[in-house]
Every structure is written in C-alpha cells, then in structure tokens.
Protein chains: 2
Amino acid sequence: MGLIVQKYGGTSVADLDRIRHVANRVAKTFDKGNNVVVVLSAMAGITDGLLDMAGRITASAEKRELDVLLATGEQTTAALLAITLKSMNYSAKSLMGYQAEVLTNRDFGNARIVDIGAGRIKKLVKKNNIVIVAGFQGCDSDGNITTLGRGGSDTSAVAIATAIKADVCEIYTDVDGIYTADPNICKKARKLDKISYDEMLEMSSLGAKVLQIRSVEFAKKYNVPVHVRSSFSEKEGTMVVNENVEMEHLVVSGITCNKNEARITLKKVPDQPGIAAKIFSPLAGSGILVDMIIQNTRASGLTDLTFTVAKTDYNRALEISKKVAEEIKAEEVLSAENIAKISVTGVGMKSHSGVAAKMFSTLANENINIRLISTSEIRISCVIKEKYSELAVRVLHSAFGLDKE
Amino acid sequence: MGLIVQKYGGTSVADLDRIRHVANRVAKTFDKGNNVVVVLSAMAGITDGLLDMAGRITASAEKRELDVLLATGEQTTAALLAITLKSMNYSAKSLMGYQAEVLTNRDFGNARIVDIGAGRIKKLVKKNNIVIVAGFQGCDSDGNITTLGRGGSDTSAVAIATAIKADVCEIYTDVDGIYTADPNICKKARKLDKISYDEMLEMSSLGAKVLQIRSVEFAKKYNVPVHVRSSFSEKEGTMVVNENVEMEHLVVSGITCNKNEARITLKKVPDQPGIAAKIFSPLAGSGILVDMIIQNTRASGLTDLTFTVAKTDYNRALEISKKVAEEIKAEEVLSAENIAKISVTGVGMKSHSGVAAKMFSTLANENINIRLISTSEIRISCVIKEKYSELAVRVLHSAFGLDKE
C-alpha cells in the first residue's frame with residue numbers, strides 16, 4: 001500500500017502488445033492497494049523518426065517547433081495506455097506535460113524542470129485514478145511546449161515522484177538493474193541490489209545509459225528512492241538510494257567503459273601563464289565540452305597538453321586546436337580517436353586507500369598503457385587504447401572482487 | 001494588405017513536399033504585406049490511422065483519451081510547417097488548440113467551440129509572426145484536450161477568423177470551389193463565384209463535403225467571408241458570403257445528391273393521435289436521427305408512414321420499426337436502401353415560384369418516380385430510386401439553366 005511512480009521506457013511501450021503488458025503490470029500494482037502514477041516514453045524509434053522527418057526539412061530545425069513535434073511521441077503512448085486501462089475498466093487519465101504542470105526553463109530540446117505543481121495529479125490520484133503522464137515534456141512559463149533531452153522521461157518520473165511525495169519511483173527498462181559492468185563485455189558481471197546516488201551519478205556520467213544523469217541528481221537532492229528494474233520480469237532490480245542506507249560492502253561497485261571520447265595533444269607548448277586559457281577558451285566558445293585535461297611539464301619551459309572531447313566534437317576540436325597551436329607556436333598536434341576511458345566507481349574508495357594503485361598495477365600486469373588519469377572522490381578513470389577496453393573491464397572486475405561466484 | 005486566415009486540409013499537407021508547397025503559399029501571402037494565421041489539418045490518412053490503432057485496443061475507446069491521441073495529428077503538421085517556414089527565414093510559431101485558447105464544451109470527439117480568447121494569436125500577429133494553429137482541437141475549461149469532429153479544422157479556421165476579425169478565411173482544399181453539381185456526375189457543372197451562407201448550409205447538410213456545416217453556421221453568425229479554393233492552383237475559388245452581397249442571378253445555385261439514406265415505410269397504421277410518437281420516440285431514444293417524414297392518409301382511418309434514416313442506422317431502425325409495427329398493429333413494414341435524395345438549393349426560390357413544379361415535371365419527363373418530398377425555404381428534396389440519381393442530377397442541372405456554355 002503506497003504511492004508508486006512507474007516509468008516505462010520506449011522498448012516497454014514499443015507496440016500495442018507491450019502497452020497491454022504495461023497496462024497489466026500497472027493494474028496489478030493498483031489492485032494490490034497502491035496508487036499509481038505512470039510516466040511514459042515514446043514508442044522505441046518514434047523520437048528518432050520524428051527527428052529524421054525534421055532533418056529532411058532542414059539540418060537546423062527551430063528548437064521550439066522541434067519540441068512541439070517530439071512531444072507527440074509521448075502524447076501518443078500516454079493516450080494509448082489510458083485507452084487500454086479504461087478498456088480493462090480501470091479509471092485512468094492521461095496528462096500531458098503542461099497539464100501535469102511540469103514547469104521548465106526555456107532551453108528547448110534540453111529544458112530543466114524548475115517546478116512541478118502537482119495539484120492536478122494529486123487530485124486525480126485521490127479520486128483513485130491511475131494517472132498517466134507523458135514523460136520527456138513540460139512547458140515554460142508562457143505555456144510553450146519544452147522537452148527535457150534524451151532520457152528525459154527518467155527525470156520527469158523522479159521529479160513527479162518528488163512533487164507528489166511518492167514512496168518509490170520505479171524505472172522500468174529492458175535490463176533488470178544496474179550491473180557491476182556491462183554484461184555484454186564481462187560475463188561475470190552481476191546485478192547490484194543497491195547503489196548510492198553518488199555512485200549512480202558517476203556511472204551515468206560515464207556512459208551507463210540506464211538512467212538520465214539529471215534524474216539521479218533530482219533523486220539525490222530530494223532523497224527519492226529509485227528502483228531500476230525490468231518490465232519483462234518480476235525480479236527485483238537495483239535500488240538507487242542514499243548512501244546512509246546499508247550498502248553492500250564493496251569498495252568498488254562498478255567498472256564502466258566509455259568509447260565516445262577522442263584525445264588531442266598539443267606538444268611542446270610554452271609553459272607560460274595564460275596558455276591554457278588560449279587553448280580552451282576557443283573550444284568553450286564553440287560549445288565543445290572538454291572532459292579530461294593533463295599537463296606534462298618538460299624541461300626547458302615547455303609542456304605537453306592533452307585533453308579529451310566527445311567524438312562528435314572531435315573534428316571541430318582538432319581544427320581549432322591546430323589553429324591555436326600555430327598561434328602559440330606549439331611544436332605539433334597529435335590526436336587519436338581509438339581510445340577508451342575505463343573507470344572504477346565506488347563510495348568505498350572514500351575509506352579505502354590503494355584503489356588507484358590496484359587499478360594501475362592490474363592494467364600494468366596486462367601491459368596496458370595508461371595515457372591519461374582523472375579522479376573524483378569516488379571514481380578513478382584511465383584512458384587506454386580502445387582495443388584493450390574489454391580486457392581492461394574484465395581484469396579490473398576480477399581484481400576488485402566483483403566477479404559473481 | 002490585410003489579416004488572412006488560411007486553412008489547409010489533409011491532402012494539402014499530406015507529406016513534406018506538400019507542406020513545403022503550403023509554406024511557399026503562406027510566405028507569398030505574407031510577402032504581399034498581409035498578416036497570416038494558418039490553420040492545419042492532420043496529414044491525410046493520419047486521423048484514420050490513429051482511430052484504427054485505438055480500434056485494435058478496444059471497439060469503444062474512451063473518448064477523452066481518443067481526443068488526446070487524435071490531437072497529435074494536427075500537432076505534427078503544425079510543427080512541421082513552422083519548422084519549414086523558419087528554415088525559409090520567416091518568423092513562424094505554432095500553437096496547439098489550448099495555446100490558441102480555443103475553448104470548447106466537454107463533448108469529447110464532437111466538441112463545440114464556446115469561445116476563443118484570441119489574445120495570444122493577436123499578440124504574435126502584431127509582432128509579425130506567421131501563426132500556425134493546430135486545427136480540429138481545443139480544450140475544455142479544465143484544460144482537457146477536445147476535438148471538434150470530422151472536418152473540425154474548418155470550424156477552427158472560421159472561429160479563429162471571427163475572433164481575430166480577419167478580413168477573410170480562406171479554406172484550401174483539393175477542389176477549386178463550390179460547384180453547381182458534383183463534376184464527377186455532371187460534366188456541365190460549373191464553379192460558383194459566390195454562394196450565400198444559407199445555400200452553403202443547405203448544401204453542406206445535403207452531403208457536399210467541402211465545408212463542415214458548423215463552420216458555415218459560424219461564418220454566417222459572425223458574417224465572416226469564407227473563400228473556398230484549391231491549394232493546387234492560383235485560381236479564385238468560391239466566396240461564401242452574406243446574401244446581401246450581390247449574388248449571381250440564379251434561382252437555383254446547386255443540385256446535390258445524397259445516397260447515404262435508407263427508407264422505411266409502415267403500412268396501414270391506425271390514424272390516431274399519438275401514433276407518430278409511438279414510432280419515433282424509440283428511434284430517438286436509440287440515438288437515430290430521422291430525416292424526412294411523410295404521412296399518406298388512406299381511407300378507413302388508416303395511414304402509411306414513411307421516413308428516411310442514415311444508412312449506418314438502417315438495420316437498427318428497421319428492427320425497432322418492426323417491433324413498433326407489431327405493437328400498433330400496422331399491416332407491414334417495407335424498406336429500401338437503394339434510394340437517393342436529390343435536392344435543388346437556391347436563395348432565388350424565395351422570390352421565384354414554380355421551382356418545385358419545374359423539378360417535379362423535369363423528373364416526370366424522364367419517368368423518374370418521386371417517393372418522398374421535403375422542402376425548406378430555399379431547398380426542395382425528392383427521394384428517388386438510386387439508379388436514377390445521376391440522370392436526375394444532369395436533367396435538373398440543365399432544366400435550371402446551370403449548364404456551362
């Protein structure tokens with residue numbers, strides 16, 4: 001008995017059969033005496049199809065109008081699920097983003113939720129309705145339709161769970177939880193029963209695509225328990241919760257691998273104040289996000305500067321870097337796309353020393369060269385050659401005792 | 001130089017090429033110094049596709065949710081046209097029904113517009129935006145999405161034209177105006193330059209599918225000039241205007257044919273007070289609309305009662321009639337589906353006598369038997385055997401001097 005938010009992703013609502021399956025699942029939860037608010041994505045492939053359609057008109061579609069177009073995807077699934085539940089004699093009502101009062105800023109295509117006036121949802125829930133909210137969409141203060149960016153339905157769900165003080169926010173997806181590593185790469189990967197918000201944040205930002213990172217930020221900020229689970233099984237998934245809750249006693253809870261970055265190195269740069277700004281200002285000015293930065297000082301007042309950018313920004317970043325290199329008289333620009341960033345993440349690192357040393361020695365034992373290193377309080381990342389990435393994930397998974405028995 | 005509402009139907013926005021064509025047409029009107037508000041239907045076939053999808057879930061989809069589903073059709077075309085116009089460097093903004101403040105009653109699936117708060121449209125127009133409104137949809141006072149029924153975009157357009165005091169409401173369609181008869185039946189049919197609201201009302205209700213009848217009611221009530229024209233040519237179409245405006249001097253302006261009715265006759269009914277109520281009350285109770293009614297009194301206190309209903313209601317109506325016939329001891333029930341209603345319409349009838357006589361004699365000359373007759377101030381309708389319908393249209397078209405030279 002409780003108030004449960006259930007979010008179903010695109011593969012879970014991909015066709016009428018699956019929508020019926022979702023309806024059964026929702027009905028079952030409701031029949032157990034719970035109140036249920038459902039948040040839906042568009043059918044798998046629909047959002048891409050709409051983007052493609054806009055792309056055939058122009059390469060740079062107006063963002064406000066693109067959001068109007070994209071919002072139809074979730075509107076469709078919300079209506080179809082409501083029709084299905086009504087046909088099963090459940091009292092169901094769909095709400096679009098603006099009707100659910102999901103208020104965002106005006107950053108079309110990537111809007112952030114600023115407030116949810118949950119009055120209408122609460123009222124409908126109180127009357128024992130199953131409320132179905134179109135995910136991914138909201139509206140700005142002028143009533144324009146906005147969308148929340150890729151994976152935005154996760155954030156819709158967590159934000160709504162926060163606003164209505166739900167007991168739990170269940171995220172239904174096509175995997176059955178958060179794994180210690182990608183099971184496609186590491187056969188010994190195992191599902192975690194629990195993970196902290198902070199670990200999930202790090203892992204989301206490292207490319208684990210189970211949850212949109214903003215949804216985790218939201219959950220952490222408002223302490224909403226998030227349950228990541230499969231819509232295709234009844235098994236418990238992974239609870240994403242506050243660190244205070246008793247965690248499994250793991251120093252490291254996951255190994256992730258990100259192949260979406262490329263590396264650029266400016267060699268023999270004069271080691272003077274202001275040089276870094278000369279390099280990174282034009283990149284920032286072009287909207288290019290730089291991830292890792294390493295500076296190796298050489299003798300003779302020269303230094304090597306290495307950084308990574310997203311592969312999608314690689315060509316533009318390289319062009320800008322070459323121009324800057326000429327201006328500041330760097331010797332040459334080296335670059336590589338065939339890199340991978342391997343990360344180990346775990347709140348246990350805060351209290352356990354030696355994690356970095358173990359990571360480096362484990363990779364060294366396999367003769368894997370480390371090109372860049374970066375760390376946070378609960379994460380260590382190493383850039384290596386892409387071809388070693390699967391091997392690296394597997395040996396680190398073993399070394400940190402994550403292999404399932 | 002003026003304020004023009006342009007409505008484009010489903011075939012005019014059936015794909016991206018046609019939407020580009022519409023964008024060019026809108027841009028051209030704008031470039032001439034006009035302000036333009038565009039009202040769009042869904043792409044041809046989309047609404048039926050969505051209805052079909054809902055039909056695969058249940059035969060009786062919840063109407064509120066069906067409207068949410070259907071509204072995506074116009075949302076899509078509105079966004080696509082806005083994206084196209086923006087890509088051509090025109091300032092365009094799409095508005096959904098609720099954003100355009102198209103307020104309706106709560107009759108989901110067939111809602112009536114009760115008010116249009118045109119503030120936002122006017123504000124955007126004032127800033128020289130081309131405003132694109134999703135047709136067919138509105139919202140009730142609680143913000144629920146509603147739709148206006150088949151052809152509802154016509155009504156959206158005329159209602160918006162009324163609210164913003166547009167100079168003209170142009171209805172773009174796949175025919176180039178209102179014809180004196182269906183050109184597929186009568187090769188000599190010709191396009192009318194002008195037609196009165198009342199004539200258009202009669203012709204819409206008789207099955208001429210160019211304009212939704214409610215849109216004509218709206219136009220008449222608020223005296224909005226409506227220009228029905230083709231989106232595939234530059235030719236002037238037909239102006240639907242107040243009768244006061246100088247009309248062509250035609251006694252009859254159009255011949256229409258409706259094959260969507262069926263006839264039911266109860267023979268030898270006791271001619272007593274209350275008998276008609278006994279027959280028509282159960283029909284009305286079942287939501288069956290009766291169109292024409294004729295009562296032929298026989299000698300000996302008996303009467304024959306004949307009426308027509310829509311073919312879609314025919315089977316139910318027949319069943320009810322047979323039950324009633326037994327109760328009131330009518331002799332027998334006859335019925336026929338192969339009938340057609342031929343009508344001549346024209347405001348000129350008000351001042352010209354002899355129209356009915358001419359109609360009857362013209363049909364008699366061809367040995368076409370008339371089964372039922374009904375009239376209004378500006379219309380005479382005769383029910384004949386369906387097989388004579390094309391012939392009847394052609395001979396009446398000639399007899400009333402409508403054939404083009």
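Rundown of residues vs (1) basic (Lys, Arg); (2) surrounded by fewer than 22 Cβ atoms within 10 Å (Cβ to Cβ); (3) within 22 Å of A:Val125 (Cβ to Cβ); (4) within 14 Å of chain B (Cβ to nearest Cβ), yes/no style:
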residue: A:Ser141; (1), (2), (3), (4): no, yes, no, yes
residue: A:Gly151; (1), (2), (3), (4): no, yes, no, no
residue: A:Thr155; (1), (2), (3), (4): no, no, yes, no
residue: A:Ile164; (1), (2), (3), (4): no, yes, yes, no
residue: A:Ile171; (1), (2), (3), (4): no, no, yes, no
residue: A:Cys186; (1), (2), (3), (4): no, no, no, no
residue: A:Asp193; (1), (2), (3), (4): no, yes, no, no
residue: A:Glu202; (1), (2), (3), (4): no, no, no, no
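Just one of the numbered conditions (1) touching a residue at least 12 places away in the same chain (Cβ under 8 Å); (2) more than 9 Å from every other protein chain (Cβ to nearest Cβ); (3) under 21 Å from the mean Cα position of the chain (by Cα) is not true of B:Val114; which one?
(1)
All but one of (1) within 15 Å of the chain's Cα centre (by Cα); (2) over 23 Å from A:Arg112 (Cα atoms); (3) among the hydrophobic types (A, V, I, L, M, F, W, C) hold for A:Ala189; which doesn't?
Unmet condition: (1).
Which fully enclosed helices (runs of 4 or more DSSP H) of segment B:289-405 have 2 or more residues being among the basic types (Lys, Arg) and out of contact with any Cys (no Cβ under 7 Å at 6 or more places or on another chain)? Before you say what the answer is, go through the steps one by one.
On the way: elements: B:314-327, B:355-365, B:389-399.
Counting at least 2 such residues, we get B:314-327.
Of everything in segment B:38-57, what is part of a helix (DSSP H, G or I) and either small (Gly, Ala, Ser) or within 13 Å of B:Thr76 (Cβ to Cβ) (or both)? Give them in sequence order.
First, pick out the residues of segment B:38-57 that are part of a helix (DSSP H, G or I): B:46-57.
Answer for segment B:38-57, where residues must be part of a helix (DSSP H, G or I) and either small (Gly, Ala, Ser) or within 13 Å of B:Thr76 (Cβ to Cβ) (or both): B:Ile46, B:Thr47, B:Gly49, B:Leu50, B:Ala54, B:Gly55.
Spot the failing condition for B:Tyr314; the list is (1) at pLDDT below 90; (2) buried (at least 18 other Cβ atoms within 10 Å of the Cβ); (3) not hydrophobic (A, V, I, L, M, F, W, C), and only one is missed.
(1)
Restricting attention to segment B:148-157, does a residue exist that is charged (D, E, K, R) and in contact with a helix residue (DSSP H, G or I) (Cβ under 7 Å, 6 or more places away or on another chain)? Steps first, please.
In the first step, residues of segment B:148-157 are kept if they are charged (D, E, K, R); the result is B:150, B:154.
From what is left, the residues that are in contact with a helix residue (DSSP H, G or I) (Cβ under 7 Å, 6 or more places away or on another chain) are B:154.
Checking segment B:148-157: at least one residue is charged (D, E, K, R) and in contact with a helix residue (DSSP H, G or I) (Cβ under 7 Å, 6 or more places away or on another chain).
Give the residue that is surrounded by the most Cβ atoms within 10 Å (Cβ to Cβ), with candidates limited to residues of segment A:92-106 that are more than 9 Å from chain B (Cβ to nearest Cβ) and closer than 22 Å to B:Leu80 by Cβ.
Here the residue is A:Gly97.
Taking the stated definitions as given, is A:Arg106 of a type in the set (Lys, Arg), modelled with pLDDT under 95 and assigned by TED's automatic domain parsing to the domain that holds A:Leu211?
On the way: of a type in the set (Lys, Arg): yes; modelled with pLDDT under 95: no; assigned by TED's automatic domain parsing to the domain that holds A:Leu211: yes.
When the stated conditions are applied, A:Arg106 does not pass them.
Among residues belonging to segment B:58-91 that are more than 7 Å from chain A (Cβ to nearest Cβ) and assigned to a loop (DSSP other than H, G, I, E, B), point out the one that is surrounded by the most Cβ atoms within 10 Å (Cβ to Cβ).
Per the criteria, the residue is B:Tyr90.
Do we have B:Lys350 as charged (D, E, K, R) and over 15 Å from B:Val251 (Cβ atoms) here?
Numbers: charged (D, E, K, R): yes; over 15 Å from B:Val251 (Cβ atoms): no.
Taking the combined requirement at face value, the residue does not satisfy it.
Matching residues to (1) more than 14 Å from chain B (Cβ to nearest Cβ); (2) surrounded by fewer than 16 Cβ atoms within 10 Å (Cβ to Cβ):
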{"residue": "A:Met1", "(1), (2)": "yes, yes"}
{"residue": "A:Lys7", "(1), (2)": "yes, no"}
{"residue": "A:Arg18", "(1), (2)": "no, no"}
{"residue": "A:Val22", "(1), (2)": "no, no"}
{"residue": "A:Asn34", "(1), (2)": "yes, no"}
{"residue": "A:Val38", "(1), (2)": "no, no"}
{"residue": "A:Ala42", "(1), (2)": "no, no"}
{"residue": "A:Thr47", "(1), (2)": "no, no"}
{"residue": "A:Leu51", "(1), (2)": "no, yes"}
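Does segment B:118-138 include one or more residues that are within 10 Å of another protein chain (Cβ to nearest Cβ), among the aromatic types (Phe, Trp, Tyr) and either surrounded by 20 or more Cβ atoms within 10 Å (Cβ to Cβ) or touching a His at 6+ places or on another chain (Cβ under 9 Å) (or both)? Give the steps one after another, and end with the answer.
Narrowing segment B:118-138 to residues within 10 Å of another protein chain (Cβ to nearest Cβ): B:120, B:132, B:134.
Still in the list and also among the aromatic types (Phe, Trp, Tyr): none.
No, every residue in segment B:118-138 fails to be within 10 Å of another protein chain (Cβ to nearest Cβ), among the aromatic types (Phe, Trp, Tyr) and either surrounded by 20 or more Cβ atoms within 10 Å (Cβ to Cβ) or touching a His at 6+ places or on another chain (Cβ under 9 Å) (or both).
Of all residues in segment A:1-37, how many are closer than 18 Å to A:Ile83 by Cβ and assigned to a helix (DSSP H, G or I)?
Number of matching residues: 15.
Among B:Phe360, B:Phe400, which is the only one that is in the same structural domain as B:Ser335 (by TED's automatic domain parsing), over 23 Å from the mean Cα position of the chain (by Cα) and crowded, with 19+ Cβ neighbours inside 10 Å? Steps first, answer last, please.
Details: B:Phe360 fails: crowded, with 19+ Cβ neighbours inside 10 Å.
It is B:Phe400.
The values are calculated or read from the model by the stated rules, or taken from the named source; none is laboratory data. Predicted model, so just to flag it, every value in this text is computed and none were measured. When we count neighbours, we look across all protein chains shown, and the Cβ atoms used for this are built from the backbone with ideal geometry, even at glycine.
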